[in-house]
Amino acid sequence: MNRKQGKLFVISGPSGTGKGTICADLLKDENTRFSVSMTTRPPREGEVEGKDYYFVTREEFLANIDRENFLEYAEVFENMYGTPKDEIMRRLDKGRNIILDIDVQGGLQIKSAMPEAVLIFILPPSLAELRARLEGRNTEKQEIVEKRLGKALNEIKLISEYDYYIVNDDIETAVKKAKAIISSEGCRVSDKIKMIIKNYENEKGE
Ligand code: ADP
Ligand code: 5GP
């Protein structure tokens, strides 16, 4: 591991809990990059190809699975979503922190492939508030909103597999906590400490 090695942060939580809103703030940091997923879901109004997602057909998605292009993928709410491998390793090697906004199944796949990844779960203050946010966002039909809400509690029950949780009550407090986690993880004593010790040795002429 080189000294500049970045970290992979997985952000998960029920649909409408505020993951996208929190990630948008974290990405203001120049050392942080978002992993743009591939999906078969149709774009929402305002979503930009290559920024929010790579929007593909199911056939294109399956071809990417065959070519082993994904770090993980999963079927979520009847659509396929996957994390492209491309760029992630290169960006980590350049010392960038990478943020993945992915569902719990994907988070667990990442954890087993890359145990050093840091998993953060975003909780809503209550299920009633989750409903209010998802309905207030007004991006899905009511039937899809109900499906997403119907899965929320089962997703929350998997939180024990995660490293951290944040209750997204007040957005500013939630973002502050996410930044604190990212910053603390960067100070972890890990293999990179060997490089730091080496620098002291060089300075002392050892
Ligand atoms: P997710 O990415 O988890 O599906 P979003 O970030 O799209 O969720 O947030 C869902 C809705 O809730 C959006 O309309 C967003 O503006 C709103 N929202 C996010 N965080 C908060 C918060 N702390 N308080 C109130 N509304 C919020
Ligand atoms: P949405 O349709 O609201 O953008 O996303 C629906 C769910 O899919 C969210 O929980 C989101 O985190 C998840 N998701 C987005 N991209 C990926 C991905 O690449 N892999 C997995 N496993 N889940 C993803």
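A few remarks follow.
- Residue within the range 104-120 that is crowded, with 21+ Cβ neighbours inside 10 Å, among the acidic types (Asp, Glu) and on the phi < 0 side of the Ramachandran plot present: no
- From the options Gly20, Gly82, Gly46, residue that is of a type outside the set (Val, Ile, Thr), within 14 Å of ligand 1 (Cβ to nearest atom) and outside any loop (DSSP other than H, G, I, E, B): Gly20
- Residues of the range 32-43 satisfying the condition of being surrounded by 12 or more Cβ atoms within 10 Å (Cβ to Cβ) and in a loop (DSSP other than H, G, I, E, B): Ser35, Val36, Thr40, Arg41, Pro43
Per-residue answers, yes or no, for (1) at pLDDT 95 or above; (2) touching a Leu at 6+ places or on another chain (Cβ under 8 Å):
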residue	(1), (2)
Lys4	no, no
Ser12	yes, yes
Leu27	yes, no
Ser35	yes, yes
Arg58	yes, no
Ala63	yes, no
Asp66	yes, no
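- The condition (being buried (at least 17 other Cβ atoms within 10 Å of the Cβ) and either over 20 Å from the mean Cα position of the chain (by Cα) or in a helix (DSSP H, G or I) (or both)) is satisfied by just one residue among Ala174, Ala132: Ala174.
- In the range 110-128, the residues that are in contact (Cβ under 8 Å) with a residue 24 or more places away in the chain, outside any strand (DSSP E or B) and within 15 Å of ligand 1 (Cβ to nearest atom): Pro124, Pro125, Leu127
- Search result, residues across the range 148-163 that are in a loop (DSSP other than H, G, I, E, B) and loosely packed, with under 12 Cβ neighbours inside 10 Å: Lys157
- Hits in the range 36-53 - residues which are hydrophobic (A, V, I, L, M, F, W, C) and in contact (Cβ under 8 Å) with a residue 60 or more places away in the chain: none
The values are calculated or read from the model by the stated rules, or taken from the named source; none is laboratory data. Model, not experiment: these values are computed from the prediction. As a convention, Cβ positions derive from the backbone with ideal geometry for all residues, glycine included, and neighbour counts pool all protein chains shown.
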